[in-house]
1. Find the residue count for the range 203-212, including only residues that are more than 24 Å from residue 153 (Cα to Cα) and either under 16 Å from the mean Cα position of the chain (by Cα) or outside any strand (DSSP E or B) (or both).
2. Based on what the data block shows, is residue 105 touching a helix residue (DSSP H, G or I) at 6+ places or on another chain (Cβ under 7 Å) and in a strand (DSSP E or B)?
3. Tell me, yes or no, whether the range 73-96 has at least one residue that is touching a strand residue (DSSP E or B) at 6+ places or on another chain (Cβ under 9 Å), within 30 Å of residue 415 (Cβ to Cβ) and within 16 Å of ligand 2 (Cβ to nearest atom).
4. Could you grab me the full set of residues in the range 312-330 that are within 12 Å of ligand 1 (Cβ to nearest atom) and part of a loop (DSSP other than H, G, I, E, B)?
5. Those residues that are surrounded by 14 or more Cβ atoms within 10 Å (Cβ to Cβ) and in contact with a strand residue (DSSP E or B) (Cβ under 8 Å, 6 or more places away or on another chain), I need them from the range 241-254; list them, please.
6. State all residues of the range 336-364 that are assigned to a loop (DSSP other than H, G, I, E, B) and either farther than 26 Å from residue 198 by Cβ or within 12 Å of ligand 1 (Cβ to nearest atom) (or both); if no residue qualifies, say none.
7. Out of everything in the range 297-312 that is farther than 15 Å from residue 239 by Cβ and either within 17 Å of the chain's Cα centre (by Cα) or not assigned by the TED database to the domain that holds residue 246 (or both), what residue ends up being surrounded by the fewest Cβ atoms within 10 Å (Cβ to Cβ)?
8. Out of all the residues in the range 301-311, which are within 19 Å of residue 178 (Cα to Cα) and more than 10 Å from ligand 2 (Cβ to nearest atom)?
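The values are calculated or read from the model by the stated rules, or taken from the named source; none is laboratory data. The model shown is predicted, which means the values in this text are computed figures rather than measured ones. Here the Cβ is made from the backbone with ideal geometry for all residues, glycine too, and neighbour counts use every protein chain on show.
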Ligand SMILES: Nc1ncnc2c1ncn2[C@@H]1O[C@H](COP(=O)(O)OP(=O)(O)O)[C@@H](O)[C@H]1O
Ligand SMILES: O=P(O)(O)O[C@H]1O[C@H](CO)[C@@H](O[C@H]2O[C@H](CO)[C@@H](O)[C@H](O)[C@H]2O)[C@H](O)[C@H]1O
């Protein structure tokens, strides 16, 4: 069932009035540091006093629709958790609903899919660095636990973060947590049209999972070689790529003009966002030219699109892949386009640089730790050791590093040195 958003009422508009100060304090808010114009496009009434506001945020190049679920509590209620209070309007206290049992129960009732018997009163909101809000829901009566991802930016059409895992499970791959419930909404767009997009997904929770990035940082900090787990991860990624071909097919092999153009476009985009990158122009151009001169490039297929160690979980000696949204800074059309499978491999290679740096390694120790992890990943994946693959991987790593230079400038300026060091390594 698709949930229809209705036109905002006076109360919705008052809630939006509160968001000007509340939103910029959220990790997932994509327009930090600028004065965004906020307006409510529509509201899904999930239950009495449970609303999902679809809020358009416009600021410069940013123009997104944000999902803000709220619960309206009586102003006199004395059992309100102060950390989830957004503010007060019309005698009601507005609560951030993501972890609220009233919101969760209504969401599960409205959602499609096989469903799951979970205990909404035992919900726990995941803290940490995320683009969305995830909530762990323990299974009722000892059943399997689920994790609900409340998407914070919603968009018309396919959502790879939900559709791709559904297709991978259908294709028989068990390296992804299975989706158990999902919800979609329909709302009026500012141009007079209609949009239909996903609001979120409940997936199987991987018990005892360790975040791949935290694991790698710990091993780097302890000076433990990561080549073994990296090789197993490479094999998992190869299995994922095979399953993606079964699910979506693959295009015929072509020449390398498309990846060369993509790298050139990426550089232009990155320079526009971070003008200091201009000094890299000649070196990047040399890689673009080398790439364009390749006689052929491998077939394109569906890929993960933003694969890094923070998108993989390790549990009981196995790896699981999550977060198939693609790069959060890219438009949907670019995120669902067939691409080179090696792009995912390159994303993980970049993560080893991050893990070495965040794990406190520097100089030769960092280079040796990352080299061992890189070798493990490439062996496990079965990457060909030929000049074409080597050049493609270098170009794709460069592409990712330029993306990271922009991502860090916008989100974590104190980490900007990590992609800058990556550019030094890749560009010589
Ligand atoms: N199926 C799962 N099982 C266990 N933990 C998970 C699962 N999915 C996500 N997580 C945890 O939740 C965190 C946020 O999930 P993620 O999909 O990366 O969200 P975001 O899109 O906000 O970055 C992950 O870092 C991971 O620790
Ligand atoms: O997980 P997201 O989909 O939000 O991805 C974005 O944020 C990531 C950081 O959380 C960012 O990844 C970069 O930092 C990681 C360490 O925190 C590192 O392992 C990755 O290699 C590096 O790219 C990702 O690029 C961004 O899209």
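1. First, the residues of the range 203-212 that are more than 24 Å from residue 153 (Cα to Cα): 206-210, 212.
Cutting the leftovers down to either under 16 Å from the mean Cα position of the chain (by Cα) or outside any strand (DSSP E or B) (or both) gives us 206-209, 212.
The qualifying residues number 5.
2. Working: touching a helix residue (DSSP H, G or I) at 6+ places or on another chain (Cβ under 7 Å): yes; in a strand (DSSP E or B): no.
No: the conditions fail for residue 105.
3. Within the range 73-96, none of the residues are touching a strand residue (DSSP E or B) at 6+ places or on another chain (Cβ under 9 Å), within 30 Å of residue 415 (Cβ to Cβ) and within 16 Å of ligand 2 (Cβ to nearest atom).
4. Once the filter is applied, which keeps residues that are within 12 Å of ligand 1 (Cβ to nearest atom) and part of a loop (DSSP other than H, G, I, E, B), the range 312-330 yields 322, 323, 324, 325, 326, 327, 328.
5. Listed by number, the residues that qualify are 241, 244, 245, 248, 250.
6. Quick first cut of the range 336-364, residues assigned to a loop (DSSP other than H, G, I, E, B) only: 336-338, 340-341, 359-362.
Across the range 336-364, the qualifying residues are 340, 359, 360, 361, 362.
7. Going residue by residue through the range 297-312, those that are farther than 15 Å from residue 239 by Cβ are 297-300, 305-306, 308-311.
Then keep just the ones that are either within 17 Å of the chain's Cα centre (by Cα) or not assigned by the TED database to the domain that holds residue 246 (or both); that gives 305-306, 308-311.
On the way: 305: 22, 306: 23, 308: 21, 309: 24, 310: 19, 311: 22.
My answer is 310.
8. 302, 303, 304
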